[in-house]
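Student: Mind having a look at this structure? Questions to follow.
Laboratory data are not the source of any read-out in this text; all were calculated from the coordinates shown. Since the structure is predicted, the reported quantities are computational estimates derived from the model, not experimental observations. Don't worry about glycine lacking a Cβ; one is built from the backbone with ideal geometry, like all the others, and counts go over all protein chains shown.
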Amino acid sequence: MEIEQIKKSILEIRGKKVMLDMDLAIIYEVETRVLKQAVRRNIDRFPDDFMFELTAKELKNLTSQFVTSSWGGQRHKPFAFTEQGIAMLSSVLKSKKAIQMNIAIMRAFVMMRQFALTYQELSEKLLELEKKHNQKFEDIEQVLTYLMQKDKQQTQQITRKQVGYKK
């Protein structure tokens with residue numbers, strides 16, 4: 001499974017980046033009930049900041065976002081695993097596939113964090129440019145166009161023929 005597909009399975013619930021048990025079961029190529037059973041047998045390894053069960057309201061909100069449920073109706077609310085909880089799953093699910101997929105999932109979380117940091121840095125630099133040039137920019141393309149025009153004007157002023165008295 002590609003990292004891009006894994007990134008699409010990462011959701012934000014309760015202000016945390018998480019993956020649901022059903023998505024993890026697909027990735028690990030096990031049944032959801034097997035994954036949940038392994039977690040319940042080792043529940044002391046999964047504190048609240050590693051894993052939590054969705055509330056009925058969260059589940060309803062989640063299914064309304066996808067319009068129709070592909071889960072075929074569940075008897076139990078899904079578990080949501082944070083990055084640490086997913087790492088802990090590798091000690092509970094000991095197959096080679098689980099270990100390989102855990103590595104891929106950790107890489108996806110790292111990529112998302114790096115993207116968020118890069119986005120924040122770009123946002124800060126954009127604010128600096130807006131303050132410096134006293135102009136509000138809507139997007140990066142507008143910033144680049146403005147800076148290229150400004151640079152072109154400066155180049156034209158430097159290369160133009162000088163008018164005036166010779167010394």
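Student: What does the highest-first list of 97-107, 46-56, 18-28, 125-135 look like by mean Cβ count within 10 Å?
Tutor: 18-28, 97-107, 46-56, 125-135
Student: As an exercise, use a Förster radius of 41 Å and the Cβ-Cβ distance of A87 and K131 to find the FRET efficiency, rounded to the nearest 0.05.
Tutor: 0.50
Student: May I pose another question? Karplus couplings for the stretch 93-102 from phi (6.51 cos²θ - 1.76 cosθ + 1.60, θ = phi - 60°), rounded to Hz, Gly and Pro as x?
Tutor: 9, 9, 6, 4, 4, 4, 5, 4, 6, 4
Student: Please list the non-local residues whose amide H lies under 5 Å from the amide H of M51, H modeled 1.01 Å from N, same-chain partners needing a gap of 5 or more.
Tutor: Here T82 satisfy the definition.
Student: Would you report the distance distribution of C-alpha pairs in the stretch 3-117 as whole percents per 10 angstrom bin, up to the bin with the largest distance?
Tutor: Here the calculated profile for the stretch 3-117 is 13, 49, 34, 4.
Student: Between E31 and K96, what length in nm is gained on full extension when 0.36 nm per residue of separation is reduced by their alpha carbon distance?
Tutor: Length difference between fully extended and current span is 21.8 nm.
Student: If you take the beta carbon distance between A38 and E12 as r and set R0 to 25 Å, what does 1/(1 + (r/R0)^6) give as a FRET efficiency, to the nearest 0.05?
Tutor: The formula returns an efficiency of 0.50 here.
Student: Straight distance only, please: which lysines reach the Cα of K94 with their own Cα at less than 17 Å, same-chain residues fewer than 8 apart left out?
Tutor: Within reach: K36.
Student: Then there's this: Taking the Cα-to-Cβ direction at L122 and at V110 and moving 7 Å from each Cα, how far apart do the two end points lie in nm?
Tutor: Going by the 7 Å Cα→Cβ label model, 2.2 nm.
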